[in-house]
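The values are calculated or read from the model by the stated rules, or taken from the named source; none is laboratory data. Everything numeric here is computed off the predicted structure, so don't read it as measured data. Don't worry about glycine lacking a Cβ; one is built from the backbone with ideal geometry, like all the others, and counts go over all protein chains shown. The accessibility values were calculated without ligands, DNA or RNA, using every heavy atom of the protein model including side chains. Shrake-Rupley method; radii C 1.70, N 1.55, O 1.52, S 1.80 Å.
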Amino acid sequence: MVTAVLDGLGVAVPDRIVTNDDFAARLDTTDEWIRERTGIAQRRMAAPSVATSDLAAEAARAACKQAGNDSPSAVVVATTTPDHPMPGVAPLVAAQLGWDAVPAFDVQAACSGFIYALASATGLIASGVTDRVLVVGADLMSRITNQDDRATAVLFGDGAGAVTLRAGEPDEFGAIGPFDLGSDGEHVGHLVVEAGGTRAPGPAPDAPERYLSMNGRDVYRHAVRRMTDSSTQLLERAGLTIGDIDRFVAHQANLRILMAVADHLGIPDERRVSNVDRYGNTSAASIPLALADAALRPGERILLTAFGSGFTWGSTLLTWPDLSTAPDATTHV
Ligand code: UT7
């Protein structure tokens, strides 16, 4: 059986750091509240001249460099914050890389986007459409977050992460899968950008409806339940137990959420990966950013799980490849 095998990882984050104290200086909030409720200490914010495709292309270049292979491949970009309503970001990334006439499309599954993009790319490879795919998760969440709303502004950040995938065998280091994916659109109102689409087009540039609004407590509750259930179903499908999992990389939205999911699953502390303190919630970029920071060892079996607006959720397994001879994966924009 042919499946997707990861052979490169790269991330790109903006240089500008926004600390909790930066928010506390102008909003009714404190460093203590933000750390206690979310685990976040700082996040990155892109300069106005930078668009999502710019950060995505930087991460993609770093991933190709690590793979030692920058030959053109299909491009799948997970993002909720595209440069334009039309076209998607993927063709723009392909163009920035100088790749001509490659398949390129976006996946919109909010904070679960990276898992959905991995599943799409794995399908492209397994069905023989292509034998190499670049998968990018990139979001400039600061662009859709009202920076004057303390309930949401402190939670989100900007970033991008990319992986290169090639055709390979399920028992190789780097192999990805199987997948568990799901959605429930009944809860759209709990985490939504109300205007700018076909239901409510054309908001004024500074209208509140053009920013994301969130019912934090309900999102929290659903996130814990769905990531726990999805992870459990995935393990059943794979014929594994939690004892087979070496590292746990959940979508980095809130430290309390990922600790609750890990507690429900029975994952020991030392196997949990978190860097939400440094980046906040970077939506589709959060899983590759966490992978880049996790100091993973070749052969470790990693459980990935995510949850986001929609609601959407998804989980998969990844056996970490041997990337130890590769250059540093992080670039700054
Ligand atoms: O990828 C999915 C994306 N989103 C998420 O995963 C977010 C999920 N939700 C959460 O992470 C949490 O619900 C939050 C971090 C958003 C909030 O934490 P919480 O413990 O659920 O707090 P809460 O919503 O119950 O709010 C407690 C209080 C409220 O005041 P009142 O109504 O009790 O007087 C809020 O107005 O905290 C207030 N509050 C703040 N206070 C200081 C909300 N934001 C802030 C803030 N600083 N930044």
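Go through the stretch 38-76 and give me each residue that's over 21 Å from the mean Cα position of the chain (by Cα) and at negative phi.
Of all residues in the stretch 38-76, those over 21 Å from the mean Cα position of the chain (by Cα) come to 48-49, 68-72.
Scanning the stretch 38-76 gives PRO48, SER49, ASN69, ASP70, SER71, PRO72.
Any idea which residue in the stretch 267-289 is farthest from the ligand (Cβ to nearest atom), counting only those that are open to solvent by 20 Å² or more (accessible area, probe 1.4 Å) and in contact (Cβ under 8 Å) with a residue 12 or more places away in the chain? Full working, then the answer.
Within the stretch 267-289, the first condition is being open to solvent by 20 Å² or more (accessible area, probe 1.4 Å), and the residues that meet it are 268-272, 274, 277-278.
If we keep only those that are in contact (Cβ under 8 Å) with a residue 12 or more places away in the chain as well, we get 271-272, 274, 277-278.
Values: ARG271: 21, ARG272: 17, SER274: 14, ASP277: 14, ARG278: 17 Å.
The extreme case among them is ARG271.
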State which residue pairs qualify: first residue within 13 Å of ILE115 (Cα to Cα) and inside the stretch 170-183, second residue in a loop (DSSP other than H, G, I, E, B) and modelled with pLDDT under 95 in any location, beta carbons under 6 Å apart, and separation of 6 or more residues or different chains. none
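Considering only residues that are surrounded by 15 or more Cβ atoms within 10 Å (Cβ to Cβ) and of a type in the set (Lys, Arg), look in the stretch 208-227 and name the one that is nearest to the ligand (Cβ to nearest atom).
In the first step, residues of the stretch 208-227 are kept if they are surrounded by 15 or more Cβ atoms within 10 Å (Cβ to Cβ); the result is 210-216, 219-220, 222-227.
Now restrict to residues that are of a type in the set (Lys, Arg): 210, 225-226.
Details: ARG210: 18, ARG225: 12, ARG226: 10 Å.
This residue is ARG226.
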Just to be sure before I move on: is LEU118 more than 18 Å from ASN69 (Cβ to Cβ), under 16 Å from the mean Cα position of the chain (by Cα) and more than 16 Å from the ligand (Cβ to nearest atom) in the structure I sent? yes
Can you find a residue that is away from the ligand (no atom under 11 Å from the Cβ), in contact with a helix residue (DSSP H, G or I) (Cβ under 6 Å, 6 or more places away or on another chain) and at pLDDT 95 or above anywhere in the stretch 62-71? no
Of the residues in the stretch 178-197, how many are surrounded by fewer than 21 Cβ atoms within 10 Å (Cβ to Cβ), within 30 Å of LEU27 (Cα to Cα) and among the hydrophobic types (A, V, I, L, M, F, W, C)? 4
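Which of the residues that make up the stretch 142-165 are open to solvent by 10 Å² or more (accessible area, probe 1.4 Å), within 15 Å of the ligand (Cβ to nearest atom) and closer than 22 Å to VAL89 by Cβ? Working first, answer last.
Of the stretch 142-165, the ones open to solvent by 10 Å² or more (accessible area, probe 1.4 Å) are 142-144, 146-151, 155-156.
Imposing the further condition that a residue be within 15 Å of the ligand (Cβ to nearest atom) reduces the set to 142, 144, 146-151, 155-156.
Within the stretch 142-165, SER142, ILE144, PHE156 qualify.
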Only one of these conditions is not met by ALA175: (1) away from the ligand (no atom under 16 Å from the Cβ); (2) open to solvent by 50 Å² or more (accessible area, probe 1.4 Å). Which number is it? (2)
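Can you tell me which of ASP15, ASP28 is more than 12 Å from the ligand (Cβ to nearest atom) and open to solvent by 50 Å² or more (accessible area, probe 1.4 Å)? Give the derivation first.
Working: ASP28 fails: more than 12 Å from the ligand (Cβ to nearest atom).
Residue meeting the stated conditions: ASP15.
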Can you pull out every residue in the stretch 249-266 that is away from the ligand (no atom under 11 Å from the Cβ) and of a type in the set (Gly, Ala, Ser)? ALA262, GLY266
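Among ALA56, ALA51, ALA78, which is more than 16 Å from the ligand (Cβ to nearest atom) and open to solvent by less than 10 Å² (accessible area, probe 1.4 Å)?
Numbers: ALA51 fails: open to solvent by less than 10 Å² (accessible area, probe 1.4 Å); ALA78 fails: more than 16 Å from the ligand (Cβ to nearest atom).
Just a single option satisfies the conditions, and that option is ALA56.
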Restricting the stretch 293-318 to residues that are among the hydrophobic types (A, V, I, L, M, F, W, C) and under 12 Å from the mean Cα position of the chain (by Cα), the one farthest from the ligand (Cβ to nearest atom) turns out to be LEU304
